[in-house]
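So the structure is just underneath, and the comments pick up after that.
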Amino acid sequence: MMMDAGMDLLHSSGVELVQYLQLNYRDSQSWFTFISIAADLRNTFFVFFPIWFHLCEAVGIKLIWVAVIGDWLNLIFKWFLFGHRPYWWVHETKLYGNSSLPTLQQFPLTCETGPGSPSGHAMGSAGVWYVMVTAFLTFGLQKKRSGFQKWCLHIVLWTVFCMIQVCVCTSRVFLAAHFPHQVFTGVLSGMVVAEVFGRINAIYNASFKRYLQITLFLFSFALGFYLLLKVLGIDLLWSLEKAQRWCARAEWVHINTTPFAGLVRNMGALFGLGLALNSPIYAESCKGKRGQQFSFRISCIVASLIVLHVFDSVKPPTQSEFLFYFLSFCKSATVPLAAAAFVPFCVSQLLNRQDTKKL
């Protein structure tokens, strides 16, 4: 009872903050919506990965691992913690009794269908930006700098990191998708995952067999955990019903926000990365003399961003859940495969032809 009372107090305080933000910063709705979209993990795969992979391969690889494992852990945490979301909690709780319920405004990005704790956006953003900030620090400290310059570099980069996380957290609370404590634990969890993977060197030279084994293990564990609890009478998709019931508009409930949609996307990205890094065309284009040329790397970045932008516009059909999940896996697997193998190979072949013509 005391624990329930404590959670009610935590949730009600969170609802008050949601109301405060929505009332006093209603003119910033477009900004908060943009931040929430930008913090989505898809930008890690479609934007950050191709840029970093061709600037510094190790950072690109780490980004995928941190994003995938972090989001997988986020799913497991959510299934363990059974966290509510503000937009449905105000209708489900008995805390307010006969008094009027707090009014929370909903938006197209509000109606996430998975449990709320910890925040996936906050966890993913914290993990990904932690990797990028530490990479910038590593590159910046390689040059000879005074102690004061190093201190200033640390202050600037970590201030930027904190500002980004504050914006992401505030955005998720403003949209009534998360309570404050959920975004806070998400940021902490993301930083821990990124710090741990900063110490694991095996990810940089893993074989395709190892990638396949890890992908199958992660998927099997999540699916097995879901089926086991379902047999025991516990439905881990309980939050889907709440989203469908309390979302202001039915069209705001998307299949791509379900727990299994995120799972298959992440497994596809990890599988595709393993396939790309162990393919002969990757070794031929990125590991040879051509791969050391800065102009080649910039060309690969530009071409990858263009190709992936066009590819991202193709959305899997949602009429059949199985087909949607299968095509989502294939689409996610194609992203690192294209950015790390196919695009560099095509750029390399094109440059080779141009060099031959000059001769």
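The values are calculated or read from the model by the stated rules, or taken from the named source; none is laboratory data. Worth saying up front: this structure is predicted, and the values here are computed from it rather than measured. Every residue, glycine among them, receives a Cβ derived from its backbone with ideal geometry; neighbour counts consider all protein chains shown. Only protein heavy atoms, including side chains, enter the accessible area calculation; ligands, DNA and RNA are left aside. Shrake-Rupley method; radii C 1.70, N 1.55, O 1.52, S 1.80 Å.
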(request) Would you mind estimating how fast the chain diffuses translationally, via Stokes-Einstein at 20 °C and 1.002 mPa s with the Kirkwood radius over Cα pairs, in µm²/s? (result) 98 µm²/s
(message) Only sites in a loop by DSSP and with at most 16 other Cβ atoms within 10 Å count here; which chymotrypsin sites (Phe, Trp or Tyr not before Pro) in the range 93-134 make the cut?
(response) Tyr96
(request) Please build a GNM for the chain, connecting alpha carbons under 10 Å apart, and tell me which residue among Pro336, Pro118, Pro280 fluctuates the most. (result) Pro280
(request) Please work out the Cα center distance from the range 112-164 to the range 221-271, rounded to the nearest Å. (result) 30 Å
(request) May I ask you to derive the FRET efficiency for Phe136 and Val231 from their Cβ-Cβ distance with R0 = 56 Å, giving the value to the nearest 0.05? (result) 0.70
(request) Counting only C-alpha contacts under 8 Å and six or more residues apart, can you give the relative contact order of the chain as a whole percent? (result) 24 percent
(request) Can you list which of the trypsin sites (Lys or Arg not before Pro) found in the range 176-247 are DSSP loop residues with at most 10 other C-beta atoms within 10 Å? (result) Arg199
(request) Could you state the angle between the C-alpha long axis of helix 180-197 and the longest principal axis of the C-alpha atoms of the chain, as a value from 0 to 90 degrees rounded to the nearest 10? (result) 30 degrees
(request) If a/c stays under 1.5 just call it rounded; otherwise compare a/b with b/c (prolate if a/b is bigger, oblate if not). Do that for the range 8-76, with a ≥ b ≥ c from the square roots of the Cα gyration tensor eigenvalues. (result) oblate
(request) Under a cut-off of 20 Å between alpha-carbon atoms, report the lysines in cross-link reach of Lys315, not counting same-chain residues fewer than 8 places apart. (result) Lys331
(message) Compute the angle between helix 294-312 and the longest alpha-carbon principal axis of the chain, please, reported from 0 to 90 degrees and rounded to the nearest 10.
(response) 40 degrees
(message) Just to be sure I understand: with springs between alpha-carbon atoms less than 10 Å apart, which residue in Thr185, Thr318, Thr134 has the highest mean-square fluctuation in the Gaussian network model of the chain?
(response) Thr318
(request) Take the alpha carbon gyration tensor of the range 211-280, find the square roots of its eigenvalues, order them as a ≥ b ≥ c, and report rounded if a/c is under 1.5; if not, report prolate when a/b exceeds b/c, else oblate. (result) oblate
(message) Please check: in the Gaussian network model of the chain (C-alpha springs, under 10 Å), which one of Leu323, Leu263, Leu212 has the largest mean-square fluctuation.
(response) Leu323
(message) Taking the solvent-accessible surface of protein heavy atoms with a 1.4 Å probe, what is the per residue accessible area of the range 219-359 in Å²?
(response) 56 Å²
(message) Rounded, prolate or oblate, given the Cα gyration tensor of the range 110-230, with a/c below 1.5 counting as rounded?
(response) oblate
(request) Within the range 54-157, list the trypsin sites (Lys or Arg not before Pro) lying in a DSSP loop whose Cβ has at most 12 other Cβ atoms in a 10 Å radius. (result) Lys94, Lys143, Lys144
